[in-house]
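Reading through the structure tokens given below for one structure.
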Amino acid sequence: MSEVRSILATDCGSTTTKAILIEKRGSEYRLIVRGEAPTTVEAPFDDVTVGVINAVREVEELSGKRLISPEGKILTPAQDEKTGVDLYLSTSSAGGGLQMTVAGVVKAMSAESAQRAALGAGAIIIDVIAVDDGRKDYQKVERIRQLRPDMILMSGGTDGGTVNHLVELAEMLVSADPKPRLGLGANLPVIYAGNKDAFPPVQELLDGRVELRQVENLRPTLERENLLPAREAIHDLFLEHVMQQAPGYSKLSTWVSRGIMSTPNAVGKIMQTIANQRNITVLGVDIGGATTDVFSVFRNEAGESIFNRTVSANLGMSYSICNVLTEAKTENINRWLPFEISEAELRNQLRNKMIRPTTIPQRRMDLMIEQAVSREALRLAFDHHKSLARGLTGIQQQRTIGEALSQDATGKTLVNMMDLDMIVGSGGVLSHAPRRAQSAMMMMDAYQPEGVTLLTVDSIFMMPQLGILSTIHEEAATQVFERDCLIYLGTCIAPVGIGKEGEECVKVQFQGETVSVPFGTISVIPFGFVSGDEGEPKRAEAVIEPARNFDVGAGKGRHRTVTVTGGVVGLMIDARGRPLTLPADNAARIRKLREWMTAMGVPCEV
């Protein structure tokens with residue numbers, strides 16, 4: 001590839017299409033301008049390229065470059081400095097994204113591996129079918145018929161193992177005769193990732209009825225999980241079948257320099273790229289109007305980096321806000337509010353948001369309610385993520401008697417908050433909070449980071465475009481991610497343990513001073529950037545000395561020396577204890593919340 005100097009990337013979201021222009025300035029790639037326009041996948045336009053052109057027109061106007069040809073196409077490759085771009089890339093979640101059903105033999109084993117494969121490929125899972133899921137066969141057949149997914153992933157059995165159960169699943173598909181969501185008359189794509197010995201009888205049953213493709217087994221042995229071949233097949237079929245049926249995508253796919261990638265898949269790519277480049281563990285979240293996606297890169301017992309992604313398709317800040325209310329309950333949302341509000345008023349406020357999803361808070365009270373809901377949506381989505389991001393079920397392990405007697409037959413979660421290096425927050429409620437300290441507080445309250453964790457947010461949600469770019473030009477993607485996408489909030493120090501209100505919890509020696517922070521409080525030390533209000537964050541050494549009942553990663557009462565990173569908020573010492581508990585008394589709870597908000601520099605008056 002000759003040197004790439006200019007890159008145009010678009011993300012076709014469910015409501016908005018966003019375009020960014022990246023150019024090489026000197027030795028560095030930087031974001032130049034961005035534009036956006038409503039997505040046009042539905043009537044009256046029924047053509048996604050209309051929204052793409054509208055977003056790119058805004059980029060044209062702001063940059064002074066000509067990017068659209070007289071025929072209405074994106075100009076690639078660049079003709080000169082003012083005409084065209086070297087690369088044009090696009091991601092998409094328009095039209096409801098990629099919707100999949102997964103089927104497995106054992107719900108806690110092969111079906112769970114299938115979920116991890118599909119979620120990692122950017123899918124929304126609309127149902128999990130398993131031989132042992134407790135439903136009658138006719139109920140499963142009805143469900144498959146009603147759902148109309150974009151594709152089905154079939155898994156089960158180790159190589160050389162069970163055949164009968166996979167044939168049963170295939171017979172169920174024959175009975176259901178499922179039709180794809182898009183494309184009348186087309187066969188539904190089915191990916192077979194199970195026992196290779198069972199494929200011939202399955203193929204005999206399904207041949208001609210579905211578009212069947214075989215890939216390597218997801219669980220070739222009980223001890224090994226092989227997700228990559230299934231994820232690549234999902235991505236390929238998404239481009240070949242789903243994208244080609246969506247209005248305007250076949251036209252858009254002739255414009256791009258590389259294939260269109262699903263938005264969540266692209267966000268996962270940039271998360272993995274950053275984790276690998278920095279050799280760190282990362283937790284990322286994208287909280288939207290309808291769904292909340294959680295991404296993580298943690299290490300397993302062998303020290304390997306494992307990427308996981310989950311979609312909480314019913315937890316969001318507008319269309320799905322009442323689902324958050326139903327799952328979290330009013331008392332859990334209410335506990336984050338520093339003022340009194342009746343249950344009826346809170347419910348009405350959230351219902352109004354659901355029926356008017358594009359409105360933004362007008363009063364500080366409205367903003368605080370939305371941010372309280374976001375804490376619960378983030379917490380619930382994270383609980384869901386922890387349940388799927390775990391070691392393999394069914395393998396033999398040496399266990400203590402206590403573990404052997406426990407009822408939990410599932411693998412141990414990979415999510416270890418004490419080992420977490422960085423949290424990246426994204427989505428309107430985090431990226432566009434009026435004060436960055438509010439974003440930091442939402443993540444601190446929802447995730448309860450432990451030990452030493454760097455908190456960051458995505459400035460304008462350009463991670464999808466950078467994700468697809470990282471697969472072609474990693475240097476450009478990471479430079480723009482570092483310089484223009486990521487906003488450093490600062491480092492959070494959070495001792496694990498419980499103490500008495502006001503007793504010493506932790507001492508931090510930092511820049512020649514010692515700060516002692518009592519239990520139940522938050523303390524913030526200003527610590528920003530090398531020059532001005534943004535750019536390269538400051539880094540310095542800090543010695544953390546927890547009280548004897550508290551742990552910051554070196555064991556109870558043991559001190560730890562770490563390098564901390566500055567940011568917009570600074571060095572945040574969260575001595576509220578882990579697990580974080582709020583006072584049961586209403587007046588005491590409100591007083592505490594106001595005290596913490598004041599410490600963080602967040603207004604608490606309504």
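A few points about this structure:
- From the list 108, 121, the one residue that fits, being at pLDDT below 90, among the aliphatic types (A, V, I, L, M) and surrounded by fewer than 17 Cβ atoms within 10 Å (Cβ to Cβ), is 108.
- Of residues in segment 360-374 being of a type in the set (S, T, N, Q) and touching a residue at least 24 places away in the same chain (Cβ under 8 Å), the one surrounded by the fewest Cβ atoms within 10 Å (Cβ to Cβ): 371
- From 201, 180, residue being under 20 Å from residue 141 (Cα atoms) and assigned to a loop (DSSP other than H, G, I, E, B): 180
- Looking only at segment 23-60, and only at residues there that are touching a helix residue (DSSP H, G or I) at 6+ places or on another chain (Cβ under 7 Å) and among the hydroxyl-bearing types (Ser, Thr, Tyr), the one that is modelled with the highest pLDDT: 29
- Scanning segment 302-332 for residues that are closer than 23 Å to residue 426 by Cα, free of Cβ contacts under 8 Å to residues at least 60 places away in the same chain and not in a loop (DSSP other than H, G, I, E, B) yields 305, 321, 322, 323, 324, 325, 327, 328, 332.
- Among (1) farther than 30 Å from residue 462 by Cβ; (2) buried (at least 24 other Cβ atoms within 10 Å of the Cβ); (3) out of contact with any Asp or Glu (no Cβ under 9 Å at 6 or more places or on another chain); (4) of a type in the set (Gly, Ala, Ser) - the single one residue 134 does not satisfy: (2)
- Subset tally (residues that are part of a helix (DSSP H, G or I) and either aromatic (Phe, Trp, Tyr) or more than 23 Å from residue 592 (Cβ to Cβ) (or both)) for segment 350-371: 6
- From the options 578, 591, 548, residue that is modelled with pLDDT under 95 and closer than 30 Å to residue 432 by Cα: 578
- Taking the criterion of being more than 23 Å from residue 98 (Cα to Cα), surrounded by 14 or more Cβ atoms within 10 Å (Cβ to Cβ) and free of Cβ contacts under 8 Å to residues at least 60 places away in the same chain, the residues of segment 200-233 that qualify are 201, 202, 205.
- Matching residues in segment 164-187 - criterion: being buried (at least 17 other Cβ atoms within 10 Å of the Cβ) and at pLDDT 90 or above: 165, 166, 169, 170, 172, 173, 176
- In segment 234-245, the residues that are in contact with a helix residue (DSSP H, G or I) (Cβ under 9 Å, 6 or more places away or on another chain) and modelled with pLDDT of 75 or more: 234, 235, 238
- Among the residues of segment 208-233, those identified as touching a helix residue (DSSP H, G or I) at 6+ places or on another chain (Cβ under 8 Å), among the basic types (Lys, Arg) and not in a loop (DSSP other than H, G, I, E, B) are 213, 231.
The values are calculated or read from the model by the stated rules, or taken from the named source; none is laboratory data. Remember, predicted model here, so these are calculated numbers, not experimental data. In this analysis, Cβ positions are derived from the backbone assuming ideal geometry, glycine residues included, and neighbour counts consider all displayed protein chains.
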